[in-house]
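The numbers here are math on the coordinates, done by the rules we state, and not lab data. What you see is a predicted model; the values in this text were computed from it and never measured. Positions of Cβ are backbone-derived with ideal geometry, glycine not excepted, and every protein chain shown enters the neighbour counts.
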Amino acid sequence: MANPHEIPSYLKHDALGPWGVYLEQIDRVTPYLGNLARWVETLKRPKRVLIVDVPIERDDGSIAHFEGYRVQHNTSRGPGKGGVRFHQDVTLSEVMALSAWMTVKNAAVNVPYGGAKGGIRVDPKTLSQGELQRMTRRYTSEINIIIGPNKDIPAPDVNTNEQIMAWMMDTYSMNQGSTASGVVTGKPISLGGSLGRHEATGRGVFVVGCEAASRIGMDIKGARLAVQGFGNVGAVAARLFSEAGARVVAVQDHAGTITRPAGLNVMALQAHVAVHGSVTGFPGSEELAARDQFWGVECDILVPAALEQQINESNANRIQAKLILEGANGPTTPAADDMLRDRGVLVVPDVIANAGGVTVSYFEWVQDFSSYFWTEDEINLRLTRIMREAFASVWQLAEEKKVSLRTAAFIVGCTRVLQAREMRGLYP
Ligand code: NAD
């Protein structure tokens, strides 16, 4: 007979993958959870995992199958919430970790959601627009049984955008027979999207970056910034920092790394990427020969805004920055966290640094429910206030307990989730 206490194989500590990184972070916070620690196993298991087959007819008449996922890690504090990623390296371990980080993040900034995430293992660059639409719609139909405005609300992530959200909203609405704009966030403005949502994650990175810099006596004006990932998060953060007087000295994307010690013109770089699909070949910049050289670039602030586990034991000691702002989810491994701490590098963790996106997603959802839309100034003011307050309370806790900002943010987030879990009690 099977051992009823045995941990399912897909939940076992996978030290090398994102889920393993998350479990290690939970182990590090557990000693600070007091009596709530008896519920901590809740955080080590996703509530619900759905794996779906996503078949489409290709333009040439052949049939292709993709593997899709939607994971609801925890819904103790409200419906699931988290993005959908289209990437060739998406795995269940990755989606589980991303959904769990959403649980902690949503609680850390106190928006009334649990955590969820989804993805399809596909390189969307290999699909035509028609194929992309068919795949998105079929995926939405397959996960339709667990999503909904009160159940689980997807949003954009790597390689997904407003258009994908519009197709998801339409597919869900067609299936249920009426328009349900609150089923996804990050929609186009014309379909119930929120002003400021597109920029929200990068803006949040900028806001907490300014807060962190002021606490360590660093002036943003003249600070040198290096950014990995020049998409929704990285490009907006780079633009806001450069508008505040920082110099963006290096940018890396999937295709290569460019540098310019005098500072890159971020608006012109965005226009270049829109035409060429990558930062490489940007006039006036120099291209680094090896991708790995990016980590040794002379800079004051580093913004990883691409994928997980980019900052690890192999490069943490080469990083020149004094301040790291995690625009990406899970960009730093626990071993690298320790190395950076020992060298006095301040890391503002993902669950605070990139929470601006889900915060304005929450605003969008509230606006959709009330069919009453706010001005961009209102959105940005409220976003800035929430980010500053969240950062201040995490900073204070970190000082009190003498722990890293990551552990402090996890204490705040996990405590809220487990308090909700305990108050609700176990059913039956
Ligand atoms: P995006 O698709 O808009 O951009 C991703 C960028 O990363 C692109 O510039 C791409 O070229 C680059 N990239 C991909 N692979 C790379 C690699 N191996 N090395 C260097 N660069 C690489 O995605 P995004 O929405 O900006 O998301 C980036 C990160 O931010 C992800 O970790 C995501 O989970 C996180 N995040 C996004 C949001 C959001 O609102 N979009 C919110 C919170 C966190």
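If you take the charge dipole of the chain about its Cα centre, with +1 on Lys and Arg Cβ and -1 on Asp and Glu Cβ, which of VAL21, HIS73, ASN265 is farthest toward its positive end?
Looking along the dipole axis, the top candidate is HIS73.
Taking the chain as a Gaussian network, where each spring joins two C-alpha atoms under 10 Å apart, which residue of ARG247, ARG77, ARG28 fluctuates the most?
Per the Cα network of the chain with a 10 Å cutoff, ARG28 tops the list.
What residue among ILE352, MET168, LEU418 has its Cα farthest toward the positive end of the dipole of the chain, where the charges are +1 on Lys, Arg and -1 on Asp, Glu, each on the Cβ?
Selected residue: LEU418.
Among the aspartates and glutamates, select those whose C-alpha is under 18 Å from the C-alpha of LYS125, and discard any that sit fewer than 8 residues away in the same chain.
Leaving aside aspartates and glutamates fewer than 8 places away in the same chain, those within reach of LYS125 are GLU57, ASP59, ASP60, GLU67, ASP89, ASP157, GLU162, ASP253.
What are the extents of the Cα atoms of region 46-179 along their three principal axes, listed from largest to smallest and rounded to whole Å?
Ordered largest first, region 46-179 gives principal extents of 47, 35, 23 Å.
Give, in nm to one decimal, the length gained when the segment between TYR427 and ARG382 is fully stretched (0.36 nm per residue of separation minus the Cα-Cα distance).
Full extension from TYR427 to ARG382 adds 12.6 nm.
Which three semi-axes in whole Å describe the equivalent ellipsoid of region 200-353, each the square root of 5 times a Cα gyration tensor eigenvalue, listed largest first?
So the equivalent ellipsoid measures 22, 17, 14 Å along its semi-axes.
Within region 237-340, which GluC sites (Glu not before Pro) sit in a loop by DSSP and count at most 15 neighbouring Cβ atoms inside 10 Å?
Sites meeting the loop and neighbour criteria: GLU298, GLU313.
Let me check against my output: what whole-number percent is the relative contact order of the chain, with C-alpha pairs under 8 Å and at least 6 apart?
16 percent
Calculate the length of the line joining the C-alpha centroid of region 163-226 to that of region 320-378, in whole Å.
Each part reduced to its Cα centre gives a spacing of 11 Å.
Write down the percent of antiparallel bridges among all DSSP beta bridges whose residues are both part of the chain, to the nearest 5.
Here the antiparallel bridges make up roughly 50 percent for the chain.
On the Cα set of region 213-269, report Rg and Dmax in Å, please.
When restricted to the Cα atoms of region 213-269, Rg and Dmax are 11.1, 35 Å.
Rounded to the nearest 20 Debye, what is the dipole magnitude of region 126-183 about its Cα centre when Lys and Arg each give +1 and Asp and Glu each give -1 at the C-beta?
My answer is approximately 140 debye.
Quick check: Cα centre of region 231-266 to Cα centre of region 50-76, how many Å?
34 Å
Can you tell which of ASN74, ASN315, ASN329 shows the greatest fluctuation in a Gaussian network model of the chain with Cα springs below 10 Å?
ASN315
Arrange TYR22, TYR362 by Cβ neighbour counts within 10 Å, fewest through most, would you?
Least crowded to most crowded, the residues run TYR362, TYR22.
By counting other Cβ atoms within 10 Å of each Cβ, how are HIS276, HIS198, HIS65 ranked from fewest to most?
Values: HIS276 12, HIS198 20, HIS65 8.
By the 10 Å Cβ count, ascending: HIS65, HIS276, HIS198.
Suppose R0 equals 41 Å; then what is the FRET efficiency for SER370 and ILE145 from their Cβ-Cβ distance, rounded to the nearest 0.05?
Calculated transfer efficiency: 0.90.
Taking a quarter of the surface of the convex hull around the Cα atoms of the chain, what do you get in nm²?
Directional mean of the projected Cα hull area for the chain stands at 22.0 nm².
Note down the magnitude of the dipole of the chain about its Cα centre, charges +1 on Lys and Arg C-beta and -1 on Asp and Glu C-beta and zero elsewhere, to the nearest 20 debye.
980 debye
For a quick check, take a GNM of the chain with Cα springs below 10 Å and name the residue from PRO31, PRO331, PRO154 with the largest mean-square fluctuation.
PRO31
Just from its helices, what would the mean residue ellipticity at 222 nm be for the chain, if runs of 4 or more DSSP H residues each count -39500 (n - 2.57) and the sum is divided by every residue, rounded to the nearest 500 deg cm²/dmol?
-13500 deg cm²/dmol
Evaluate the charge dipole of region 46-179 about its Cα centre and quote only its size in Debye, nearest 20, assuming +1 on the Cβ of each Lys and Arg and -1 on the Cβ of each Asp and Glu.
620 debye
Excluding residues on the same chain fewer than 8 positions from LYS47, give the lysines whose Cα lies under 20 Å from its Cα.
List returned: LYS12, LYS81, LYS105, LYS117, LYS151.
Below 8 Å between Cα atoms, with a sequence gap of 6+, how large is the relative contact order for region 200-353 in percent?
Across region 200-353, relative contact order equals 23 percent.
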